[in-house]
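To start, the structure itself, in structure tokens.
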Amino acid sequence: MIHARVLRGNHFRSSRQTRHYWLQRLLQDGIAFLSEVPAIESGILEAMGLMGRVAETNYGQVFDVRAVAQPENLAYTDLGLGLHTDNPYREPVPGFQALHTLIAAPEGGDSLFADGFALAEHLSQTAPEAYAVLTQTAVPFHYRSSTADLYAERPLIQLTCDGAVSAVHYNNRSVAPLRLLARECASFYAAYRQFANLLREPRFQVIAALKPGDLVLFDNQRILHGRTAFTSARHPRHLRGCYLTRDSVYSAAALLQMQFGYAEFS
């Protein structure tokens, strides 16, 4: 379940105890928000450097989400984006993703979020056969551009050794052809469609109209994200993003917990 709790960036930077509370909330809910982070290009790295280690990819340390004339990625258009997780074709999959709003669109461009663990739990209760298929089928993900050719295989719903959900990987723009028998393809795509249909249900979605200076950090292996369409010709929208390594975020949280103990949430 997503709880949209927001902390101010100045409190976040100046208080280790505030960062402890914020990180505990992030790890509990999979997502946390900051406001009043300076809406400058360096703002995201200055804030996230306190949370963990920024991972460098083929995009560099940061990437800019805005409409461009000749996009290599649908994210770099003004079209709406369905709920998804980032980079399931990468090894390792990015642990946490930060998005910082520099320029907000006056109309549209709202951010969408959904808790993949809640979706997986709902599917396991309402369609256990579909859930079993999505936890047991290795799905190939592939991304190719002028600067990278990336490929990995993993189930859409990933489990721990004791059967608990540990990750959700859903990106319909990067699924490659499956190497399955015809009857196996039919059962997989039926299960895949059931999961995809859940993503379209408003009860599983949180919509956030992020303002300049707002920053969201979320678990990229749990929280799916997307956006509504906007018009970029007259009103550009600009978010800057980066990825944090999973172990570094958990390490930062553990060190703060040693100092302050467990945070109490209402």
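Table for the structure above
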read-out: Mean separation of Cα contacts under 8 Å, 6 or more apart, over the residue count of segment 17-90: relative contact order %; value: 12 percent
read-out: Largest to smallest principal axis extent of the C-alpha atoms in the chain, angstrom; value: 57, 48, 34
read-out: Whole-number percent relative contact order across segment 103-230, with pairs defined as alpha carbons under 8 Å at least 6 apart; value: 44 percent
read-out: Principal-axis tilt of helix 246-260 within the chain, Cα atoms, nearest 10 degrees; value: 50 degrees
read-out: Furthest towards positive pole of dipole, ILE103, LEU224, THR147, structure part the chain, Cβ charges; value: ILE103
read-out: Within the chain, longest stretch clear of exposed trypsin sites (Lys or Arg not before Pro) (DSSP loop, no more than 12 other Cβ within 10 Å); value: 1-172
read-out: Distance in nm between pseudo-label sites at GLN70 and ARG144 (7 Å out along the Cβ direction from Cα); value: 1.8 nm
read-out: Apportionment of accessible area to carbon and sulfur, segment 100-213, percent (1.4 Å); value: 53 percent
read-out: Area of SER166 that stays accessible when all protein chains are in place (1.4 Å probe, Å², to 10); value: 40 Å²
read-out: Nonlocal amide H pairs with HIS169, under 5 Å, H built at 1.01 Å; value: ILE157, GLN158
read-out: Which of SER42, TYR59, THR85, positive extreme of dipole for segment 38-107 (C-beta unit charges); value: THR85
read-out: In Hz, Karplus ³J(HN,Hα) per residue of segment 125-141 (6.51, -1.76, 1.60; θ = phi - 60°; x = Gly, Pro); value: 7, 9, 9, x, 5, 5, 4, 4, 4, 6, 8, 10, 9, 6, 9, x, 10
read-out: Phi to ³J(HN,Hα) by Karplus 6.51 cos²θ - 1.76 cosθ + 1.60 over segment 23-28, Hz, x for Gly, Pro; value: 5, 4, 5, 4, 6, 6
read-out: Along the chain, longest interval not containing exposed chymotrypsin sites (Phe, Trp or Tyr not before Pro), exposed being DSSP loop plus at most 12 other Cβ atoms within 10 Å; value: 1-261
read-out: Reciprocal of mean inverse Cα separation for segment 187-231 (Kirkwood radius, Å); value: 13.1 Å
read-out: Global form of segment 30-118, assessed from the alpha-carbon gyration tensor, a/c cut-off 1.5; value: rounded
read-out: Charge dipole (debye, nearest 20) of the chain; +1 at Cβ of Lys and Arg, -1 at Cβ of Asp and Glu; value: 260 debye
read-out: Relative contact order for the chain, counting Cα pairs under 8 Å that sit 6 or more residues apart, in percent; value: 37 percent
read-out: Of ALA176, ALA118, ALA148, the one that fluctuates the most in a GNM where the chain has Cα springs shorter than 10 Å; value: ALA148
read-out: Loop GluC sites (Glu not before Pro), segment 31-92 (other Cβ atoms within 10 Å of the site Cβ: 12 or fewer; DSSP); value: GLU56
read-out: Helical contribution to [θ] at 222 nm, DSSP H n ≥ 4, -39,500 (n - 2.57), averaged over the chain, rounded to 500; value: -9000 deg cm²/dmol
read-out: Cβ-Cβ FRET estimate between THR245 and ALA186, R0 fixed at 35 Å, reported to 0.05; value: 0.35
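The values are calculated or read from the model by the stated rules, or taken from the named source; none is laboratory data. Note that the structure is a prediction, hence the values are computed from the model and not measured. We place every Cβ from the backbone using ideal geometry, glycine too, and count neighbours over all the protein chains shown. The protein model used for the area step is the full one, side chains on, heavy atoms only, and it has no ligands, DNA or RNA in it. Shrake-Rupley method; radii C 1.70, N 1.55, O 1.52, S 1.80 Å.
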